Amino acid sequence: MISLAPGTVIRTVSEFTNGLARWFTNQSAFQGAAISGEISGLKEVTGGHLAFVLKDSAAVLNCIVWQSKVTRLPPLQNGDAAIAVGSVRLRPEQSSYQMIVDTVHLTGVGELYARFNALKEKFRLEGLFDPKRKRQIPRYARRIALISAPSSKASDDFLSTIQTQVPFVEVEFLPTRVQGAGAEVDIREAFDRAEKLEVDAIVLTRGGGTYEDLFTFNEEVVVRAIARSRHPVITAIGHQTDHHLADDAADATYGTPSKAAEAIAAPWIATRERIAGAIRNLRRAAEDALGRRGQRLALVRSQLEGAMRQRAGNAERTLAALERRLSFQNPAARLSQRAQRFAALRTRLPGAWERYASRRANRLQLAVTHLEALDPQAPLARGYALIFRDGVLVRSAADVRAGDAISAQLGRGTLDASVEAVRDE
């Protein structure tokens, strides 16, 4: 049995929160309020409205500007110090409150934004952003060090893209915190661990977040860890529009973790497609050559059979003529003699025919053997290989240099390799 104090009114959640919303609306202190703070998390939301957070060192206030009033605002950006004027409303469906902003007055640069500009100028004067210091990311990266938060969407996106497109590329995952107090030190320590690894590049990545969450990647210790790295560094931090000092110091930067993975995979995929195209062209050329040889062989066979029929017909006609001439010779002796000679001719004719046919068959077999020797797949089946560099067939040791990536087509399958030394002997 429920026991409540006398006079207690039971309300539903909707009744209670709607009552609170009406109370907020009726409080004059919440109407036409002027609130000062620093703008953060500025973004356009569905319908063309503008949302941002107004914050100070101890609290935050969610703000929204309806689309009809956005054009009246001065240009805003994260880090601006401002005074927002509007009314505070309760959102009953979420039990949260926000400020419906009518106008914004800029009062100066916010603390974080001022710090960002000061660090940016400091690093620029030191030359940390100089394009001349940028290093080329290895075209065919085989081993990557990944610095990201453990079990995060950013690391999952990067790893799944690599596994799907280039599963043979190894990823050494160095999990670390990427936001919060002290996260910049954790990232620097992750770079220290990566320095001891033999990798082709380091990828620093995380997903999106507020301006404050992402400020870790503007911190001096992170920027300097990137600048002093002995390995090329790729950054993929936040979303497409986010930009950080870590991006300026990195050797390459991409809008999302998956795009960074796709950039690593792209050269491998392009080379694989070129090799597949070269193999298709080679197979097509071999089939065309075999087809032409087969047509020539059929023509030779047809000509041989025709010649054999013609010779046989000639022999039969000659024999018939001789028989007719013999019939005109009345003397029995001459008739018998001619009969014996014709009998001898008849006896030798099959043997001569067989020898002629045998010689023609031998010539035909030689032609077939020569044609089979031209099959480009036959040497591969005996253990030989076709070597390609950048999709071009290597015919001489002078065609490659030490360090070149090559591929070998075998009788069954292909191999990828690297040239260690060249001896043009």
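Derivation of every value follows stated rules applied to the coordinates shown; laboratory data play no part. This structure is a prediction, so every number in the text was calculated from the model and none was measured. Cβ coordinates were reconstructed from backbone atoms using ideal geometry, including for glycine residues, and neighbour counts include every protein chain displayed.
Before moving on, here are some points about what is shown:
- Here is the size of region 377-425 from its Cα atoms: Rg then Dmax, 11.0, 30 Å.
- Ellipticity estimate at 222 nm from DSSP helix runs (n ≥ 4, -39,500 (n - 2.57)) divided over the chain, nearest 500: -15500 deg cm²/dmol
- One quarter of the surface of the convex hull around the alpha-carbon atoms of region 115-255 equals 8.0 nm², the direction-averaged projected area.
- Cα centroids of region 385-419 and region 99-135: 50 Å apart.
- Electrostatic bookkeeping for Ala21 treats Lys and Arg as +1 and Asp and Glu as -1; over the other residues with beta carbon under 15 Å from its beta carbon, the sum is +2.
- Antiparallel bridge percentage (DSSP; both residues within the chain; nearest 5): 70
- Under 21 Å from Lys69, Cα to Cα: lysines that are on another chain or at least 8 residues apart: Lys43
- Computed P(r) (all Cα pairs; the chain; 20 Å bins; percent): 17, 28, 21, 14, 10, 7, 4, 1
- Cβ-derived FRET efficiency at R0 56 Å, Arg193 paired with Phe16, nearest 0.05: 0.60
- The slack between Gln295 and Leu364, meaning 0.36 nm per residue of separation minus the straight C-alpha distance, is 23.5 nm.
- Proxy reagent accessibility, fewest Cβ within 10 Å first, across Ser28, Ser407, Ser87: Ser28, Ser87, Ser407
- Axis angle, to the nearest 10 degrees, between helix 332-373 and the longest C-alpha principal axis of the chain: 20 degrees.
- Antiparallel DSSP beta bridges within region 13-109, percent to nearest 5: 95
- Long-range HN-HN contacts of Val171 with modeled amide H, under 5 Å: Ile144
- Rg ratio (alpha-carbon, reference 2.2 N^0.38 Å) - region 269-375: 1.99
- Among His244, His105, sorting on how many other beta-carbon atoms sit within 10 Å of each Cβ, with the fewest leading, yields His105, His244.
- Ellipsoid fit via the Cα gyration tensor, region 71-164: semi-axes of 40, 26, 11 Å, each the root of five times an eigenvalue, largest first.
- Evaluating 6.51 cos²θ - 1.76 cosθ + 1.60 at θ = phi - 60° for every residue in region 310-325, the Karplus couplings come out as 5, 5, 4, x, 4, 5, 5, 5, 4, 4, 5, 5, 5, 5, 5, 5 Hz, glycine and proline recorded as x.
- Where Cα atoms sit under 24 Å apart: lysine pairs in region 115-255 separated by 8 or more or lying on different chains: 5
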